1. If you place +1 on the Cβ of every Lys and Arg, -1 on the Cβ of every Asp and Glu, and leave all else neutral, what size is the dipole of region 297-372 about its Cα centre, to the nearest 20 Debye?
2. Sorted from fewest to most neighbouring beta carbons within 10 Å, what does the list Arg494, Arg396 look like?
3. Given +1 on the Cβ of Lys and Arg, -1 on the Cβ of Asp and Glu, and no further charges, what dipole in debye does region 342-437 carry about its Cα centre, rounded to the nearest 20?
4. Only four residue types carry charge here, +1 at the Cβ of Lys and Arg and -1 at the Cβ of Asp and Glu. Report the dipole size of the chain about the Cα centre in Debye, rounded to the nearest 20.
5. Which one of Leu47, Thr480, His281 is farthest out on the positive end of the charge dipole of the chain, using unit charges on Cβ (Lys, Arg +1; Asp, Glu -1) and the Cα centre as origin?
6. Can you tell which of His265, Val142, Val368 lies farthest toward the positive end of the dipole of the chain, using +1 and -1 charges on the Cβ of basic and acidic side chains (Lys, Arg; Asp, Glu)?
7. As a test of the formula, what do you get for the chain when each DSSP H run with n ≥ 4 contributes -39,500 (n - 2.57) and the sum is divided by the residue count, at 222 nm and rounded to the nearest 500 deg cm²/dmol?
8. Could you list Val243, Val507 in order of exposure, starting from the residue whose Cβ has the fewest other Cβ atoms within 10 Å?
Amino acid sequence: MSSSLVSLNTWVAEVAALTKPDRIHWCDGSEAERDALVARMVELGDLLPLNPQTHPNCYLHRSHPNDVARVEHLTFVCSENQDDAGPNNHWMAPTEAHAKIDALFTGSMRGRTLYVVPYCMGPIDSPFARCGVEITDSPYVVVNMRIMTRMGEAALKRIEREGRFVRGLHSIGELDPERRFIMHFPEELMIKSYGSGYGGNALLGKKCHALRIASWQARQEGWLAEHMLIVGIENPQGERHYVAAAFPSACGKTNLAMLIPPQSHAGWKVWTVGDDICWLHPGHDGRLWAINPESGYFGVAPGTSRKTNRNAVEMLNRDAIFTNVAVTADNQPWWEGLSDAVPVKDWQGRDYDPKNGPAAHPNSRFTVSMRQCPSFAPEADEPAGVPISALIFGGRRESLVPLVFEARDWQHGVLVGASMASETTAAAAGAVGVVRRDSMAMKPFCGYNFADYFTHWLKVGDKLTRPPRIYHVNWFRKGTDGKFLWPGFSDNLRVLQWILARCEGKVGAQDTPIGLLPNASDLDLRGLDNIGAALDSLLAVDEDGWRNEFGEIKRYLESFGARAPGKLKAECERVEAALA
Ligand code: OXD
Ligand code: MN
């Protein structure tokens, strides 16, 4: 046996001694294993089969009502040195954190099966992929991990070969919010998560490994682990460009990743490489190359419809797991916005009564293999990844921020990403609709001090001789009547089209203090009626408003103290001076 398997076996034995499971099951990732787990969960009522005619092999899981989202206040980065975690993270000293959470794990798997889940984040033969092993007592986690990662035999073989892997220990515990922690130990490449079965807290390959731990590793190794979708955009001449885009949770990444061009754009096609996480590596050719470490989508259901995301609706009609959605009388999954059908049971399994709030939980989710998406890009399996032409940052901002602007250069682009702000959503527990700074959409996910992260972004830029251009977009601007000014969804292609035309040097731009904005005549608005008046607001730069915004951005950067890169502060002063 290789030394890495010895160390894996030793760890499994140590965890078993602590958690006292009745059985240990090593997952091979096979269909037979999945079918057996599903059958057992159906027997126990943890999965409910949905209508086999309309949704073959689809199941509904109803979570505990107090366990429906990520819990940022209970999520910790436990680096040796508190400053390494930074003001952007909750921190606990590693010894204290281990002691606290191990006390919860003590005996927590009695009467349960301990599953050992080897997985690989990224194409199994990619040099950029990284492996992990999750130990969990939740079969729901196992079947979701099988969709979201390359899980089983092949991953175990790679672990045996490579030796290094991220260790993730998870137990649903009692699903008691008072006994719930999501702890990260970056120096030990370790995650411990207790008391929640919710995706972002429990599918440890996703946020915990592929973002928090991976961002730490990426800094040491010279790459970037980002909260970004990846798409290939093909023009009518058949040329394909790839872009990666960062938006905070529940701000439309999945919809943008699966965009269907508007009728006016015959011949255009969008290919989905990833919808949530992107690992970016400087290539030998001076470009930035991206892989999607995941192999499935854990998407927000409400609002998904044939109109907003037809590809998603089509990929969800078989082999999918739905969590906390409602059901119709004929047992089909249902959520607000999907159709005119009337739900009969809400997400908690109660007879639907509008007095109880929405039928589907606002953060109800689907889990589905990326291969089922009609716009799936086979390049998602490409070991080298795809070359990135543009990076896009986007927030949910009802005022001030224009539809799109381009950063002057990489340094300015890093400032644009660092100063991103967005209204909070139901993807995390807590208030919804409050504007907060969410640098690079990584506030909940960066496994180290944001000041060091900004410095690292600047250093990565220094390695690129052909860097992607950097943009900021805002699909969420509202008029005085409270209605959205931009139609969004399919029509966002028009903005991507301008971005690509800029990357190819085909169109000019208006130079403004905040960056380069489109000349209205360069936006392809064919087929968009009555957009004229809205466009004036969408492309306006309110200099007074931006002066205020930059006051806040400066205070935000100052909150990171001396560790914040001087270059970023200088860049901020440059923009402020232009606005003065
Ligand atoms: C997600 C999130 O689940 O960002 O992707 O919360
Ligand atoms: Mn996300």
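1. Values: 9 positive and 8 negative charges, 52 e Å.
Computed about the Cα centre, the dipole is about 260 debye.
2. Details: Arg494 25, Arg396 22.
Ascending Cβ contact count within 10 Å gives the list Arg396, Arg494.
3. Numbers: 10 positive and 10 negative charges, 75 e Å.
The dipole magnitude comes to about 360 debye.
4. Details: 61 positive and 69 negative charges, 33 e Å.
That gives the chain a dipole magnitude of about 160 debye.
5. His281
6. Positive-most Cα among the choices belongs to Val142.
7. Values: 16 runs with 165 residues, N = 580.
-8500 deg cm²/dmol, from helical runs alone.
8. Numbers: Val243 27, Val507 15.
Exposure proxy ranking, most exposed first: Val507, Val243.
Every number here is computed from the coordinates shown, using simple stated rules; none is lab data. Fair warning: this is a prediction, and the values are worked out from it, not measured in the lab. Here the Cβ is made from the backbone with ideal geometry for all residues, glycine too, and neighbour counts use every protein chain on show.
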